[in-house]
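The values are calculated or read from the model by the stated rules, or taken from the named source; none is laboratory data. The structure displayed is predicted, hence computed values, not measured ones. All Cβ positions, glycine included, derive from the backbone under ideal geometry; neighbour counts span all protein chains shown.
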C-alpha cells in the first residue's frame with residue numbers, strides 16, 4: 001500500500017479544525033501490522049491499538065512546508081523496547097492525549113522499515129524529496 005494521508009486529517013485540515021495543523025508537535029508511531037490494519041475512518045492515535053504501537057518518536061524537528069511538501073529532519077527513536085516486527089508507521093499531531101492526537105499520515109514505505117525492535121535505536125530516514133506532498 002502506498003503512503004496515505006488519513007482522510008479524516010484532510011477533512012479537519014480543510015475545515016481548519018483545531019489540532020490539524022502540522023506546525024504543532026508532529027510525532028511518529030511505529031506500527032506492527034499484525035495488530036493494525038489501515039482504516040480510512042481512523043482519526044486519532046487511540047484508533048491504533050496499543051498492541052500495535054511499538055514505539056513513539058519525540059516531535060519532529062526542523063519542519064518545512066515549501067512548495068506544498070512537508071519535510072523534517074530524520075528521526076531516531078531511542079532504545080525502542082524489544083517487540084514485534086514493525087512494518088509501518090503513522091504521523092500524528094500530539095495533543096498529549098491519544099483520544100485527541102490526530103492521525104495525519106499512514107506510511108509503510110519508509111527507509112528504516114520494516115524492523116524488529118530489539119532495545120536499540122531505530123533510525124528513520126525521510127525521502128530526499130520530503131516526507132510528503134499535498
Go through (1) assigned to a loop (DSSP other than H, G, I, E, B); (2) surrounded by fewer than 19 Cβ atoms within 10 Å (Cβ to Cβ); (3) in contact with a strand residue (DSSP E or B) (Cβ under 7 Å, 6 or more places away or on another chain) for residue 96 and report which single condition fails. (3)
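So in region 106-122, with the set limited to residues that are touching a strand residue (DSSP E or B) at 6+ places or on another chain (Cβ under 8 Å) and closer than 16 Å to residue 91 by Cβ, which one is surrounded by the fewest Cβ atoms within 10 Å (Cβ to Cβ)? Walk me through it before giving the result.
If we filter region 106-122 for residues that are touching a strand residue (DSSP E or B) at 6+ places or on another chain (Cβ under 8 Å), which is where we start, we get 106-108, 110-117, 121-122.
Okay, now just the ones that are also closer than 16 Å to residue 91 by Cβ, so 106-108, 110-113, 122.
On the way: 106: 23, 107: 21, 108: 17, 110: 19, 111: 11, 112: 17, 113: 17, 122: 22.
Here the residue is 111.
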Quick one: is residue 73 at pLDDT below 95, more than 16 Å from residue 100 (Cα to Cα) and out of contact with any strand residue (DSSP E or B) (no Cβ under 9 Å at 6 or more places or on another chain)? no
In the set 18, 12, the lone residue that is buried (at least 18 other Cβ atoms within 10 Å of the Cβ) and either assigned to a loop (DSSP other than H, G, I, E, B) or in contact with a strand residue (DSSP E or B) (Cβ under 9 Å, 6 or more places away or on another chain) (or both) is 12
